[in-house]
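Heads up: the structure comes next, in structure tokens.
The values are calculated or read from the model by the stated rules, or taken from the named source; none is laboratory data. All values reported here derive from a predicted model rather than from experimental measurement. Glycine also receives a Cβ, built like all others from the backbone with ideal geometry; neighbour counts cover every protein chain displayed. Ligands, DNA and RNA are stripped out before the accessible areas are found, and what is left, the full protein with its side chains, is counted by its heavy atoms. Shrake-Rupley method; radii C 1.70, N 1.55, O 1.52, S 1.80 Å.
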Amino acid sequence: MKAVIMAGGEGTRLRPQTSNLPKPMLPLVGRPMMEHIVSLLRRHGITDIVVTVAFLPNAIRSYFGDGVELGVRMAYATEESPLGTAGSVRNAREQLTERFLVISGDVLTDIDLTSVIAFHEKNEALATIALCAVENPLEFGIVITREDGSIERFLEKPGWGQVFSDTINTGIYVLEPEIFDLIPEDRAVDFSSEVFPAALEAGDPLYGYVADGYWEDVGTTAAYLKAHEDILDGKVRVDVAGFELRPGVWVGKGSSIDPSVRIDSPSFIGENCTIDADAVLGAYTTVGANTQVAERAEVQRTVIGENSYLGPAVRVEGAVLGRSCDLRAGSRVEPGAVVGEGCLIGAHAEVRSDVKVYPYKVVEAGAQVNASIVWESGGSRSLFGPDGVQGIANVDISPELAVRLAKAWASSFEKGSYITASRDTSRVARVLKRALMVGCNSVGVNVTDLELATIPVTRHHVRRRGNRAGLTVRLSPDDPQQVVIGFFDDRGIDLSESDRRRVERMYHREEFRRVTAGEIGDIDFSPRSIELYTADVVEALDLRRDAVREVKVVLDLSYGAASFVMPNLLSKVRADVLSINPYAQTPAMISVDRIVSEARVADTVRASGADLGAVIDAGGERLTLIDDTGRVLTDDEAVMVFIELSTIAGDADRVALPVTASDRILRVCEERGVAVTLTPLSPSGLLDTAASGGISFASDRRGGFVFPAFLPAFDAAATLARLISLLGQGSTSIAEIVDATPPMPILHEEVPTPLEHKGLIMRTLMEQLTEEGADLVLVDGIKVVSDQGWVLVVPDPEDPVTHLWAEGADLAASEALAAAYVNRITRMLA
């Protein structure tokens, strides 16, 4: 016999889970609810199935297809408008010419269908309704039967005063084709409220069979969680995918679980999941396929949708997370909360109990969500951050995104243009670079692939070859789980704000150029890029000057691509170099602790009597210096070293520094006759100034140093070679310069500020300071200069915080200045 699965319901009570997913497709332990129904039918020998669909029908069709993979044959009947339970079945009348069974696709059950069918045949009924006893029948239709099973009366959703039975209609029917005579055409008709009462009144044989087994109407979030618990407790017979690691703990194939993870029974982990160190999966936790749970995360009695990411120290209890959710470090979701598909919950944000966050919303970092987010956008995720397009590898930044991003970026270049591409030593960068190159080729742009190269070598190649632009992919130096895609213009410097907005606009609108097969771009290689880079560094920075002494250097290469650059470059200066942590295929190459590296280099400098220690980051852009006593220099001390040595060599005319530069540095520059140009805090602001001409040296106070005579961008290798050259021309040591440098007590504070209040805070502060007649510098944010020192207030471009820097005569004065403005901003927010 055939079966009809009714799968047209919208599941409004389960929103936001069902906002963009049909209720029958909601997962139960890793499989759609309706798949469990198909398995039940197959177990009872029913393999011909007609599915009635209405809401988002393609989601069901695309998943089940013709049913062959599940061992059944499936056909579909689509409702153009809602037809009710009986109307939807009548819509499939042409395929139902013999006795058939009707069952809902959005319930969880293991009722013995064979017994229901046998009972129907024995009584030669027109319709047999499978009944089930429940504790609370108020939300269901009660069916009262006689001793022989014939139906006496129906009672739809009664009050307690009307409850004379606890046997309810499960929505499972065995029907004869003659039932269609009682179903009007072309309007919504319901079985329980119209068809069955009409059949009863006409005296047709209607029977109710109290079936053995489990039945649950998964109609609410609480019922959805309970259904998972009952499956894990073995109260209902369903097929659980995966193998049983130990009693009550199921794990799907391809999943990786750190030995330190605690998994309480019962729990379910889907296929290809990653559970990192010290995570806790409490009892009744269900983890969807392709999900990553980061270190120290804790999940209790929660259902997590597939392709989700839970960051470090996340806490989730008694909640439901939809597909592709992204919970950042330290965020929390409380019992009863539901987070819809594709939502981002920012770091340390809290979603309170029973709150519903509808799909694709963004909860800002640190926010406390006490009410449901339905229509509000909740903010939008910007593609570009300060260093480029940055996000968690294979969570935020996937190969699919990389292809679309490259197409949006390269579509504005002329067909046949060349761009330069490179990557770091990580595997994820290799995968994403290939995806980016595919995107460029698909819009008719050629790629020169440098393969493994530092960021400065990539920038230099763009400029020297005259390419249209460049890109590079690498892991973030601050977080080995994050990847950064950097884009450069034809000058080899970061894209301007307007260019970034243009790329984002084209990305979101999918305004990609399409070219013919003959216009697809090509890929070539540049084997001499490092040699050309080295020659130009030597020429531009005059490294051929005769040194009076050899400089002994301890150099940490952070397992990065600088390992291929430094041997060539250091051979051009008079140096004795001990290199550690060169490029190698080791796990450490994607997890470098910079503080540990600095301490190791400092110990080696002291032990070896070296003149200098240095740590170059994996990207080859940022440099940390250690003096000859083993002291790790602050960024301000390193800037002072370059200014002093360049002044001695007569090479410093004008320097560019961010607006947070210490007054002590500005005073020294004035004494040495060196002009200073203050720049915005963003890297692009500093590099634009460095590229504008007339600048001999620049630094961003974050380990980035620029010598525009060679390249108007950060370059740790060229910077180190320049420093060795300067040290080799005299007898001054770095320690002597640092000892003579006055303290620079700059403090940095962050004031939590809702995104919608940032502009108001800055406007109000500007009005107040103008009325007070304060001395203001408006290079970036608001800098207030007074006799006590200076304070800079700048809203963060992405996160809900306001940054504040302060420098006074000493540390106590800096603390007092910072506290005064923190209180001032806090009062404004209040």
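Figures for the structure shown
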{"read-out": "Cβ pairs under 9 Å, 6+ apart, first in segment 254-265 and on the phi > 0 side of the Ramachandran plot, second among the charged types (D, E, K, R)", "value": "Gly254/Glu271"}
{"read-out": "Qualifying positions in segment 777-790 - touching a Ser or Thr at 6+ places or on another chain (Cβ under 8 Å) and either surrounded by fewer than 14 Cβ atoms within 10 Å (Cβ to Cβ) or in a loop (DSSP other than H, G, I, E, B) (or both)", "value": "Val779, Asp780"}
{"read-out": "Scan of segment 504-529 for residues that are free of Cβ contacts under 8 Å to residues at least 40 places away in the same chain and outside any loop (DSSP other than H, G, I, E, B), ordered by number", "value": "Arg505, His508, Arg509, Ala517, Gly518"}
{"read-out": "Contacts under 7 angstrom Cβ, first residue in segment 203-230 being without any contact (Cβ under 8 Å) to a residue 60 or more places away in the chain and hydrophobic (A, V, I, L, M, F, W, C), partner open to solvent by 20 Å² or more (accessible area, probe 1.4 Å) and not in a helix (DSSP H, G or I), 6 or more apart", "value": "Ala223/Glu216; Ala223/Asp217"}
{"read-out": "Residue that is within 17 Å of Ser725 (Cα to Cα), part of a helix (DSSP H, G or I) and modelled with pLDDT of 90 or more, where the choices are Val537, Val601", "value": "Val537"}
{"read-out": "Helices (runs of 4 or more DSSP H) within segment 1-103 that include 3 or more residues touching a residue at least 60 places away in the same chain (Cβ under 8 Å) and either among the hydrophobic types (A, V, I, L, M, F, W, C) or open to solvent by 10 Å² or more (accessible area, probe 1.4 Å) (or both)", "value": "33-43, 84-90"}
{"read-out": "Those residues of segment 110-128 which are of a type outside the set (Ser, Thr, Tyr) and part of a helix (DSSP H, G or I), in sequence order", "value": "Leu113, Val116, Ile117, Ala118, Phe119, His120, Glu121, Lys122, Asn123"}
{"read-out": "Asp700 surrounded by fewer than 21 Cβ atoms within 10 Å (Cβ to Cβ) and charged (D, E, K, R)", "value": "no"}
{"read-out": "Neighbours by Cβ (under 8 Å, 6+ apart or cross-chain): first from segment 797-812, under 15 Å from Val751 (Cβ atoms) and in contact (Cβ under 8 Å) with a residue 40 or more places away in the chain; second buried (at least 21 other Cβ atoms within 10 Å of the Cβ) and among the polar types (S, T, N, Q)", "value": "Pro800/Thr753; Val801/Thr753; Thr802/Thr753; Trp805/Thr660; Ala806/Ser814"}
{"read-out": "Residue list for segment 322-349, filter: part of a strand (DSSP E or B) and among the basic types (Lys, Arg)", "value": "Arg332"}
{"read-out": "Residue count, segment 42-64 (criterion: under 21 Å from Arg93 (Cα atoms) and not polar (S, T, N, Q))", "value": "11"}
{"read-out": "Residue count, segment 227-258 (criterion: charged (D, E, K, R) and closer than 21 Å to Gly213 by Cα)", "value": "6"}
{"read-out": "Subset of segment 466-489 that is closer than 20 Å to Gly311 by Cβ, out of contact with any helix residue (DSSP H, G or I) (no Cβ under 6 Å at 6 or more places or on another chain) and not in a strand (DSSP E or B) - its residue that is most open to solvent (accessible area, probe 1.4 Å)", "value": "Asp478"}
{"read-out": "Candidates Ala562, Ala661, Ala618, filtered to the one that is under 27 Å from Ile695 (Cα atoms), modelled with pLDDT under 85 and in contact with a strand residue (DSSP E or B) (Cβ under 9 Å, 6 or more places away or on another chain)", "value": "Ala618"}
{"read-out": "Residue selected from segment 821-830 under the condition of a type outside the set (Lys, Arg) and touching a residue at least 12 places away in the same chain (Cβ under 8 Å), by the criterion least open to solvent (accessible area, probe 1.4 Å)", "value": "Ile825"}
{"read-out": "Tabulated pairs, segment 433-449, first more than 14 Å from Ala517 (Cα to Cα) and surrounded by fewer than 20 Cβ atoms within 10 Å (Cβ to Cβ), second modelled with pLDDT under 95 and of a type in the set (Phe, Trp, Tyr), C-beta under 7 angstrom, 6+ apart or interchain", "value": "Asp449/Phe525"}
{"read-out": "Met744 being touching a Lys or Arg at 6+ places or on another chain (Cβ under 6 Å) and either of a type outside the set (Gly, Ala, Ser) or open to solvent by 10 Å² or more (accessible area, probe 1.4 Å) (or both)", "value": "yes"}
{"read-out": "Filter result for the condition that a residue is over 30 Å from Val551 (Cα atoms), at pLDDT 90 or above and either assigned to a helix (DSSP H, G or I) or not basic (Lys, Arg) (or both), over Glu750, Glu767, Glu756", "value": "Glu750"}
{"read-out": "Residue count for segment 549-584, restricted to those that are out of contact with any helix residue (DSSP H, G or I) (no Cβ under 8 Å at 6 or more places or on another chain) and surrounded by fewer than 20 Cβ atoms within 10 Å (Cβ to Cβ)", "value": "4"}
{"read-out": "From the options Arg427, Arg423, Arg463, Arg459, residue that is basic (Lys, Arg), more than 26 Å from Thr516 (Cα to Cα), touching a Leu at 6+ places or on another chain (Cβ under 9 Å) and surrounded by fewer than 24 Cβ atoms within 10 Å (Cβ to Cβ)", "value": "Arg463"}
{"read-out": "Where a residue in segment 490-503 is open to solvent by less than 40 Å² (accessible area, probe 1.4 Å) and its partner, wherever it lies, is hydrophobic (A, V, I, L, M, F, W, C) and not in a helix (DSSP H, G or I), with Cβ under 7 Å and at least six apart", "value": "Gly492/Leu711; Gly492/Ala713; Ile493/Ala713; Asp494/Phe488; Leu495/Phe487; Arg500/Phe384"}
{"read-out": "Breaking point among (1) modelled with pLDDT of 90 or more; (2) assigned to a loop (DSSP other than H, G, I, E, B); (3) of a type in the set (Asp, Glu), for Glu400", "value": "(2)"}
{"read-out": "Matching option when the condition is farther than 30 Å from Ile345 by Cβ, over 39 Å from the mean Cα position of the chain (by Cα) and surrounded by fewer than 16 Cβ atoms within 10 Å (Cβ to Cβ), among Glu815, Glu772", "value": "Glu772"}
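Residues are listed down the side, and each one gets a yes or a no for (1) over 26 Å from the mean Cα position of the chain (by Cα); (2) within 22 Å of Ala561 (Cβ to Cβ):
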position: Val395; (1), (2): no, no
position: Glu400; (1), (2): no, no
position: Phe413; (1), (2): yes, no
position: Ser417; (1), (2): yes, no
position: Ala421; (1), (2): no, yes
position: Val428; (1), (2): no, yes
position: Arg434; (1), (2): no, yes
position: Cys440; (1), (2): no, yes
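Each row is one residue, and each column tells you yes or no for (1) among the acidic types (Asp, Glu); (2) within 51 Å of the chain's Cα centre (by Cα); (3) within 18 Å of Ile142 (Cα to Cα).
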position	(1), (2), (3)
Asn169	no, yes, yes
Ile179	no, no, no
Phe191	no, yes, yes
Val195	no, yes, yes
Leu206	no, no, yes
Glu216	yes, yes, yes
